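Quick notes on the structure that follows.
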Amino acid sequence: MIHIDPVAIHPVLGGYWHRTQLPGIPEPGQTLVMLCGARGVAAFEALARRCDRGAPHRCTECDARYRRAIGMPPSPFREAAPVSRLIGG
Ligand SMILES: [Zn+2]
């Protein structure tokens, strides 16, 4: 058995890692909606392949929404905001 904490799942879409609220482990092919509104289809692969297309960057909008939701101050780091809102089907 492999146990996965859904809170630790940070989907990578379009070169950015996002945050989402999952009630459980998504099924492959399941459409996921990120906190920033981006949508993608769940697929799984080994963590070692995470940087195959370059290191993913933090989605600043997901991060800001997550921080607000848990009462955390805004991130002191500035990064370019992701522009892609549509990945997958
Ligand atoms: Zn996002």
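The values are calculated or read from the model by the stated rules, or taken from the named source; none is laboratory data. The structure displayed is predicted, hence computed values, not measured ones. Every residue, glycine among them, receives a Cβ derived from its backbone with ideal geometry; neighbour counts consider all protein chains shown. Remember, those area values only see protein heavy atoms, side chains included, never the ligands or the DNA or RNA. Shrake-Rupley method; radii C 1.70, N 1.55, O 1.52, S 1.80 Å.
A few points about this structure:
- Pairs meeting the criteria (first residue in the stretch 52-72 and surrounded by fewer than 16 Cβ atoms within 10 Å (Cβ to Cβ), second residue in a helix (DSSP H, G or I), beta carbons under 9 Å, at least 6 apart or on different chains) are Met72/Tyr66.
- Residue that is surrounded by the most Cβ atoms within 10 Å (Cβ to Cβ) [pool: residues in the stretch 10-21 that are assigned to a loop (DSSP other than H, G, I, E, B) and near the ligand (Cβ under 10 Å from one of its atoms)]: His18
- Some residue of the stretch 54-65 being over 24 Å from Phe77 (Cα atoms) and at pLDDT below 95: no
Residue-by-condition table, conditions (1) open to solvent by 40 Å² or more (accessible area, probe 1.4 Å); (2) modelled with pLDDT under 95; (3) more than 11 Å from the chain's Cα centre (by Cα):
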position	(1), (2), (3)
Ile2	yes, yes, yes
Pro23	yes, yes, yes
Gln30	yes, no, yes
Leu35	yes, no, no
Val41	yes, no, yes
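- Hits in the stretch 44-67 (condition: among the basic types (Lys, Arg) and out of contact with any Pro (no Cβ under 8 Å at 6 or more places or on another chain)): Arg49, Arg53, Arg58, Arg65
- Taking the listed residues Val7, Val83, the one that is of a type in the set (Val, Ile, Thr), in a loop (DSSP other than H, G, I, E, B) and either modelled with pLDDT under 95 or within 10 Å of the ligand (Cβ to nearest atom) (or both) is Val83, with no other qualifying.
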